[in-house]
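The values are calculated or read from the model by the stated rules, or taken from the named source; none is laboratory data. This structure is a prediction, so every number in the text was calculated from the model and none was measured. Because the Cβ atoms are built from the backbone with ideal geometry, glycine has one as well, and the counts that use them run over all protein chains shown. Keep in mind that these areas ignore ligands, DNA and RNA; they rest on the heavy atoms of the full protein, side chains included. Shrake-Rupley method; radii C 1.70, N 1.55, O 1.52, S 1.80 Å.
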Amino acid sequence: MLKKKGLLASMLSFGLVLAACGGNDETENNGGTNEAANEGTNNGEAVENNGGNEEAVEVEAQEWRFVTEETEGQVQNVYAEEFAELVSEKSGGQISIDVYGFGELGSEVDQVEQLSTGVVEFAIISPGFTGTLVPEGNIFALQFLFDDDQELNQQVMNESEAINDHLAGKYVEQGIMPLAFWTEGAMQWTGSSALQSPDDFDGFQMRTQESPLILESYEAYDANPTAMSWGELYTGLQQGAVEGQENPLFFIEDANFHEVQDHLTISNHNMYVTMTTVNPDFYDGLDDATKTIVDESIEEMKSRSFEIQAEQNDAALGLIEEATDTPTEVYELSEEERDAFRELAVPVRDSYRDESEDAGMILDMLQDEIEAAQGN
């Protein structure tokens, strides 16, 4: 059962949520066996999930909270809602997850703290908002690092030892356990003026996430980057506090940034990477049957997350081009034009290597993994 509540209701029910989660530690596991995983029951009767292909697992009734950085209908929220449905089905309706969109529980930075302190159990967090907390996570700020093929990039993130072992371990140390890294699509630029060469960024007020490497990436183009929450961005663009921003196409269209930006540049200079995360103390405290439900649902959502973003990004460009009441000039960079940006972006990788003792190792390993995937 999927629920969505407002902030007031969520805070009133918070004590009950904690009580439900705390009861997890008292669940017996029958001497380490997992008989419940083989035959699910609900009040003593067998239950099948909505798909009808597998029986639900017998688990304790629980209610969890899942916060995202986006609003209803956008990629992260669609993902979270489908994840909640999967968990509910697999648990025979015993586990319900309340999904909260951006702003319902605070800013992106607030949400990181809420996950690490156990206020929420699950969160979708973009590494761009954790750049000061986990410096190695700034690897996703490096432009022109990944391939242009988003499907290949998703394969790399699914299988990467650099990301899923070494980088993920850095997050766990900060009370954030990544369960999956995934792409929300290629990043594009919008601006109040055309952005077709590095010269166009000279002195340009570019909005970014709170990541030192993202800031440095735009300083390499001689831009004037400014960190800003996306909740303030539409007004910031409208009033000229910032002149441009970067995001996947679905987000640009759904947030109506094209209404207050005259130019859209198809640059594919990076991809928007996000991660499905869980509070590690909560996850480690789950009994085996419940943990299996979470793990299976995460695995099933890996392919689905790619489908969701592809569907939304493919549709968004057409919607922007058809918006005649607020026309936006669309320009796609040539490979030669992209090379001019790439030449300035590559040296920023040296700054990433200086982030920590392990940063260089993670970068080198990831580059090898990308090259291996490209060669297959």
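Here is how the numbers come out for the structure above:
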read-out: Counted residues, region 109-135 - those being more than 20 Å from Ala220 (Cβ to Cβ), open to solvent by 10 Å² or more (accessible area, probe 1.4 Å) and not β-branched (Val, Ile, Thr); value: 7
read-out: Residue within region 250-272 that is surrounded by 21 or more Cβ atoms within 10 Å (Cβ to Cβ), in a strand (DSSP E or B) and among the β-branched types (Val, Ile, Thr) present; value: yes
read-out: Filter result for Ser356 (closer than 16 Å to Ala141 by Cα and either touching an Asp or Glu at 6+ places or on another chain (Cβ under 8 Å) or of a type in the set (Ser, Thr, Tyr) (or both)); value: yes
read-out: Segments classed as helices (runs of 4 or more DSSP H), wholly inside region 146-248, with at least 2 members that are over 20 Å from Arg338 (Cα atoms) and open to solvent by 10 Å² or more (accessible area, probe 1.4 Å); value: 150-159, 168-172, 233-239
read-out: Close pairs (8 angstrom Cβ cut-off, 6 or more residues apart or separate chains): at positive phi in region 207-232, acidic (Asp, Glu) anywhere; value: Asp222/Asp202
read-out: Matching option when the condition is open to solvent by less than 50 Å² (accessible area, probe 1.4 Å), modelled with pLDDT of 95 or more and under 23 Å from the mean Cα position of the chain (by Cα), among Ala340, Ala310, Ala289; value: Ala310
read-out: Residue match in region 324-337 (condition: β-branched (Val, Ile, Thr), surrounded by 18 or more Cβ atoms within 10 Å (Cβ to Cβ), touching an Asp or Glu at 6+ places or on another chain (Cβ under 8 Å) and modelled with pLDDT under 95); value: yes
read-out: Complete set of residues in region 60-104 that are touching a Phe, Trp or Tyr at 6+ places or on another chain (Cβ under 8 Å) and open to solvent by 30 Å² or more (accessible area, probe 1.4 Å); value: Thr71, Phe102
read-out: Criterion violated by Glu332 - all others in (1) within 23 Å of the chain's Cα centre (by Cα); (2) in contact (Cβ under 8 Å) with a residue 24 or more places away in the chain satisfied; value: (1)
read-out: Residue match in region 281-293 (condition: of a type outside the set (Lys, Arg) and in contact with a Phe, Trp or Tyr (Cβ under 8 Å, 6 or more places away or on another chain)); value: no
